[in-house]
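Got a structure here, written out as structure tokens. Questions coming.
Bear in mind these aren't lab numbers, they're just calculated from the coordinates by the rules spelled out. Bear in mind the structure is a predicted one, so any value in this text is a computation, not a measurement. Every residue, glycine among them, receives a Cβ derived from its backbone with ideal geometry; neighbour counts consider all protein chains shown.
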Amino acid sequence: MTELPLWAAVPVALLLVLAGLVTLIGSLGLLRLRSFAERMHAPTMGMTMGAFCVVLAATVIASLLQHRPIVHEWLICLFLFMTAPVTAILLMQSARRRQRKHPDAPGAADAPDGAE
């Protein structure tokens, strides 16, 4: 295994730190926001952007160390990009149905205006 050059190690390290920060901000948004509808956006975006940064860093490292383009990681990223919005949509639909059936249930009053 060869050593990673400094000109490549610095951007990769920055990408990994950025991935951690974006994921942390998304997690804090999950804790800080009040209603279920508001909580859906922050973790989904944090996971998607965090995964993108990690995959980009992994692609750069693998491609430099093997001296050829490596793109296998992008299949995982593509799967995450396709499934994260679908999961969020299904959870939101479930929450809306529950709110319509039980308007006095805990958390129903936290819904933002126009969330019907």
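Can you give the extra length, in nm with one decimal, that the chain gains between Thr2 and Gln66 once fully stretched, where that is 0.36 nm per residue apart less the Cα-Cα distance? Show your work: numbers first, answer last.
Details: separation 64, 0.36 × 64 = 23.04 nm, distance 0.91 nm.
Contour length minus Cα-Cα distance gives 22.1 nm.
What is the helix-to-structure angle for 6-32, meaning the angle in degrees between its Cα long axis and the longest Cα principal axis of the chain, kept from 0 to 90 and rounded to the nearest 10?
The angle comes out at about 10 degrees.
Just to confirm the number: angle between the C-alpha axis of helix 73-101 and the first principal axis of the chain, 0 to 90 degrees, nearest 10?
With both axes taken from Cα atoms, the answer is about 10 degrees.
Then there's this: Which of the three applies to the range 8-103, rounded, prolate or oblate, going by the alpha-carbon gyration tensor with a ≥ b ≥ c and a/c under 1.5 meaning rounded? Intermediate values should be presented prior to the final figure.
Working: a/c = 7.72, a/b = 2.16, b/c = 3.58.
In terms of gyration-tensor shape, oblate.
Moving on to the next point. Rounding to the nearest 20 debye, state how big the charge dipole of the chain is about its Cα centre with +1 on each Lys and Arg Cβ and -1 on each Asp and Glu Cβ.
Details: 9 positive and 7 negative charges, 73 e Å.
That gives a dipole near 340 debye.
Then there's this: Most exposed first by the Cβ proxy, i.e. fewest other Cβ within 10 Å, how do His102, His67 rank?
Values: His102 11, His67 8.
Lowest to highest Cβ neighbour count: His67, His102.
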